[in-house]
Amino acid sequence: MKSKLIQGFLLLSAMILFISCEHPMVLETEVHEDGSLTRTITFEKEDSTVALKNIFGIDSINGWVVTSTQLPVEKTKETGSSKVQYRVQFRKNFGSVDDMNHELNPEADTLFRVRATFEKKFRWFYTYIKYSETILPVNRFKKIDPSDYLNQEDFQFIDRLPAEGKSISKADSLYLQLLNVKIGETYANMAIFNEEFDILTELVGRQHLDQWQDTILRKKEYIYNHVDKMKGEGDFALQMADSLKIPLKRAQAIADLKELSKGLNDRVSFMGFANDGKFINSITMPWDVMDTNADSVSGNKLVWRPLVTKFLFREYEMYAESRRMNAWALIVSAAVVLLTLFVWRRNA
């Protein structure tokens with residue numbers, strides 16, 4: 001059976017080509033003027049198990065109110081079989097952004113991370129609130145730096161990609177195809193090679209076959225050339241050891257491989273789910289909106305529909321600023337003006 005590794009890499013390529021997504025998610029935040037927040041996360045079409053395990057790491061045990069609604073049964077296009085899906089919604093009130101960040105921005109490689117900020121400023125006639133949410137990169141490969149494979153032009157192109165569902169020019173479509181090759185073949189292959197190469201050397205090292213380490217180093221190109229066609233093999237490192245005729249003790253190697261590859265498999269499983277997502281993020285501000293980078297605005301509600309590409313390698317910030325007139329400041333200012341005029345006329 002193909003492991004989850006291949007899913008992650010295929011999705012890295014597929015999302016660049018704007019294929020239809022399998023995991024629609026709606027993220028909503030209602031910002032209150034006292035700094036408290038109401039956060040809602042909805043999985044639109046998922047298995048019921050998402051209520052217990054999901055990429056945000058949230059559940060009812062941590063105080064989230066969870067509601068699950070079964071959706072009308074639809075037949076899949078591929079097999080024609082029916083699949084039961086649910087709309088699962090999580091809702092929770094937070095006293096501050098610090099409380100929300102503690103739960104939704106953990107130090108974890110396998111969770112979707114969002115960092116929020118809240119700033120309130122008094123400027124006599126107006127009080128301003130600036131609120132932002134920043135999605136942290138979903139790329140979780142650790143051995144290589146994406147900037148070694150993508151140049152500044154690539155990142156600028158990603159930054160100006162339109163919202164989900166918007167059309168792009170033919171020239172941009174061509175550039176997108178080239179970027180797809182760079183990410184899906186060059187970067188992804190090298191990322192998986194580096195991770196698997198370390199697993200292979202560790203497998204050999206644990207069995208004290210140090211004399212074979214030089215062989216592994218000499219055969220780096222040989223191993224790399226097998227990455228593209230063996231991305232989905234969960235026992236890639238073990239197969240390479242067999243191919244190089246390294247005399248590993250089989251039972252021990254299988255047990256060690258399970259331990260060594262777990263972190264990589266978990267990270268790739270997360271990336272696969274996140275990369276296959278269609279995200280809608282909305283923020284409702286308490287007062288009139290003065291500034292934002294939202295894709296659309298309706299009154300005090302702002303909506304973003306970012307492609308996953310936006311936050312694949314770099315942070316993606318969504319911000320809004322609103323203000324409220326201070327009625328008492330107007331009254332005090334008017335009183336001061338009237339008092340000044342009164343004194344001036346009296347002394348005239």
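Compare the Cα positions of Leu179, Leu248, Ser169 along the charge dipole of the chain (+1 at Cβ of Lys, Arg; -1 at Cβ of Asp, Glu; about the Cα centre) and return the one farthest towards the positive end. Highest projection toward the positive end goes to Ser169.
Cα-Cα over 32 Å: which of Lys262/Lys310; Lys142/Lys301; Lys143/Lys170; Lys219/Lys310; Lys121/Lys166? Those over the limit are Lys142/Lys301; Lys143/Lys170; Lys219/Lys310; Lys121/Lys166. Of the trypsin sites (Lys or Arg not before Pro) in segment 221-305, the ones in a loop by DSSP (not H, G, I, E or B) with at most 10 other beta carbons within 10 Å are Lys229, Lys245.
Inter-label distance, Asn194 to Ser68: 4.0 nm, where each label sits 7 Å from its Cα along the C-beta direction.
So, R0 is 56 Å and r is the distance between the beta-carbons of Gln213 and Glu119; what FRET efficiency does that work out to, to 0.05?
Numbers: r = 54 Å, r/R0 = 0.96.
The formula returns an efficiency of 0.55 here.
Would you mind getting the Kirkwood hydrodynamic radius of the chain from its Cα pairs, rounded to one decimal in Å?
Numbers: mean 1/r = 0.0424 Å⁻¹.
When all Cα pairs of the chain are included, the Kirkwood radius is 23.6 Å.
Give the residues of segment 22-65 whose amide nitrogen is closer than 20 Å to a point set 7 Å from the Cα of Val84 in the direction of its Cβ. It comes to 43-54, nothing else.
Rounded to the nearest 20, the size of the Cβ-charge dipole of segment 189-283 about its Cα centre is 120 debye, with Lys and Arg at +1 and Asp and Glu at -1. Taking a sphere under 15 Å around the Cβ of Arg250 and counting the other residues whose Cβ falls inside, with K and R at +1 and D and E at -1, yields a net charge of +1. Computed from label points 7 Å out along Cα-Cβ, the spacing between Met325 and Lys262 is 6.2 nm. Computed extension gain for Tyr175 through Glu33, at 0.36 nm per residue and net of the alpha carbon distance, reaches 46.7 nm.
Direction-averaged shadow area of the convex hull around the Cα atoms of segment 220-281, nm²? Write out the running numbers ahead of the final one.
Numbers: hull surface 22.4 nm².
Hull-based average projected area comes out at 5.6 nm².
For Glu221 and Lys249 in one chain, what is 0.36 nm times their gap in residues minus the Cα-Cα distance, to one decimal in nm? Let's see the in-between values first.
Details: separation 28, 0.36 × 28 = 10.08 nm, distance 2.50 nm.
Result: 7.6 nm gained on full extension.
From most to least packed by mean Cβ count within 10 Å, the peptides 188-198, 211-221 give 188-198, 211-221. Looking at the chain, the accessible area is 54 square angstrom per residue; that uses a 1.4 Å probe and ignores ligands, DNA and RNA. Once you divide the Cα radius of gyration of segment 146-264 by 2.2 N^0.38 Å, the number left is 1.39.
The values are calculated or read from the model by the stated rules, or taken from the named source; none is laboratory data. Here the structure is a predicted model, which means the values were calculated and not measured. Methodologically, a virtual Cβ is constructed for each residue, glycine included, from the backbone with ideal geometry; neighbour enumeration extends over all protein chains shown. Side chains are part of the model used for accessible areas, which takes the heavy atoms of the whole protein and leaves out ligands, DNA and RNA. Shrake-Rupley method; radii C 1.70, N 1.55, O 1.52, S 1.80 Å.
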